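All remarks here apply to the structure that follows.
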Protein chains: 2
Amino acid sequence: MVEKLTIGKLAEATGTKVETIRWYEKVGLIAPPARTGGNYRAYLPGDLARLSFIRRARDLGFPIEQVRALLDLSDDRTRDCATVDRIATEHLREVDRKIAGLTALRRELSAVILSCDGGTVAQCRIIEALGPADPIAC
Amino acid sequence: MVEKLTIGKLAEATGTKVETIRWYEKVGLIAPPARTGGNYRAYLPGDLARLSFIRRARDLGFPIEQVRALLDLSDDRTRDCATVDRIATEHLREVDRKIAGLTALRRELSAVILSCDGGTVAQCRIIEALGPADPIAC
DNA sequence: CTTGACCCTCTAGCGACTACAGGGTGCATA
DNA sequence: TATGCACCCTGTAGTCGCTAGAGGGTCAAG
């Protein structure tokens, strides 16, 4: 008899919220576990490993569908590693795109803020920079 | 009589989707405009200015609630510019946090990918790096 | 008079959870 | 034995900022 885990213990062990675990079950990332007499979920150590995998992949920013694909791949250990590499590389490129976008945004936002040197809203360069042509004042 | 705009013209002029404009109206970012006999929305040039402002702020990544605050501020032009500056600076710090988080993630993800040098999933370092201790194989 | 582009409202869906509400279970303590 | 409390259950609705679709009405051109 292997030791069993309540959902709370599993949550604590993996740094996941209880509701999140139930949600992963609902969307099919983890299988519905056995139940105790009192209808409590009873997890096995294997579930802990799988959930850790999911959390780690999520922490690295993989979307759920990519996590699902990685889980499927890791289940069939005879397969070629190339698909795994492709998924991860694709994700890396997505992260790079996000960083580039945010960096450009940061530059522009920073320029807008630097233009402000106090005064009233009517003179404010930030507001001015946001509205191209406000016909009421200005 | 000022010239009026249909929602489609307004959308085109501001680079917004029609549905988005209706949604902005629903959440109170723009006031419900007058209607034509056929129940079409009839916008005025002032609406165009306001929507341009909203779009520009959104493009800079301001969340809706901050856009709302900026709009309120820009409506009262006698007020001190400091609040505007505070909102923008706060948002800039949020953007910086996001960039820092993504950059850290990128570093880690990149390291994981570099460790892969082909072979089967069983030998894959990417999968290995994701799962800390899979008791089935390894 | 018909076609087609536009407009209307209302509802549901996206991703990835999070937060209740309204109950049941299990264990320790008085 | 009773009671309290921490934990668990299901189900639903909310988050953010839209987006997509169903099922219809309106308007101008040909």
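The values are calculated or read from the model by the stated rules, or taken from the named source; none is laboratory data. Computed from a predicted model, the values in this text were never measured in an experiment. Ideal geometry is used to build each Cβ from the backbone, glycine not excepted, and the neighbour counts take in all protein chains shown. Accessible surface areas use protein heavy atoms only, side chains included; no ligands, DNA or RNA. Shrake-Rupley method; radii C 1.70, N 1.55, O 1.52, S 1.80 Å.
What are the label-to-label distances in nm, one decimal and shortest first, from B:Lys26 to the same spot in the other copies, with labels 7 Å along Cα to Cβ?
Output for B:Lys26: 2.1 nm, nearest copy listed first.
With all protein chains present, how much of the accessible area of chain B (probe radius 1.4 Å) comes from carbon and sulfur, to the nearest whole percent?
Here carbon and sulfur together make up 54 percent of the probe-accessible area.
Compute for chains A and B the buried accessible surface, both sides summed, probe 1.4 Å, and express it in Å² to the nearest 100.
4600
Go through the stretch A:86-100 residue by residue and turn each phi into a ³J(HN,Hα) via Karplus (6.51, -1.76, 1.60, θ = phi - 60°); whole Hz please, and just put x for glycine and proline.
4, 4, 5, 5, 4, 5, 4, 5, 4, 4, 4, 4, 5, 4, 4
For a Förster distance of 25 Å, can you work out the FRET efficiency between the beta-carbons of A:Glu12 and A:Ile64, rounded to the nearest 0.05?
Between A:Glu12 and A:Ile64 the formula returns 0.65.
Answer with one residue from A:Val95, A:Cys124, A:Leu114: the one whose Cα lies farthest towards the positive end of the charge dipole of the stretch A:84-138, charges on Cβ with Lys, Arg +1 and Asp, Glu -1.
In the stretch A:84-138, that residue is A:Val95.
Rank B:Ala49, B:Ala104, B:Ala122 by mean-square fluctuation in a GNM of chain B with C-alpha springs under 10 angstrom and give only the top-ranked residue.
So, out of B:Ala49, B:Ala104, B:Ala122, the one fluctuating most is B:Ala122.
So what's the back-of-envelope 222 nm ellipticity for the protein assembly as shown, counting only DSSP H runs of four-plus at -39500 (n - 2.57) apiece and dividing by all residues, rounded to 500?
Calculated mean residue ellipticity at 222 nm is -19500 deg cm²/dmol.
Count neighbours as other Cβ atoms within 10 Å of each site's Cβ, and list the trypsin sites (Lys or Arg not before Pro) in the stretch B:75-131 that are DSSP loop with at most 14 such neighbours.
Answer in residue order: no site qualifies.
With a ≥ b ≥ c the root eigenvalues of the C-alpha gyration tensor of the protein assembly as shown, is it rounded (a/c under 1.5), prolate (a/b larger than b/c) or oblate? Numbers along the way, then the final one.
On the way: a/c = 2.62, a/b = 2.18, b/c = 1.20.
Prolate is the answer for the protein assembly as shown, as a/c is 1.5 or above and a/b outweighs b/c.
If the cut-off is 22 Å between C-alpha atoms, which lysines fall inside it for A:Lys4, apart from same-chain ones fewer than 8 positions away?
Cα-Cα hits under 22 Å: A:Lys17, A:Lys26.
With the other protein chains left in place, how much accessible area per residue, in square angstrom, belongs to the protein assembly as shown at a 1.4 angstrom probe?
57
List the distances, in nm and shortest first, from the label point of B:Gly119 to the matching label points in every other copy, placing each point 7 Å from Cα along the Cα-to-Cβ direction.
Label-point distances to the other copies, shortest first: 6.6 nm.
Along Cα→Cβ at 7 Å, what distances in nm separate the B:Ala69 label point from those on the other copies, shortest first?
Between copies, matching label points for B:Ala69 lie 3.9 nm apart.
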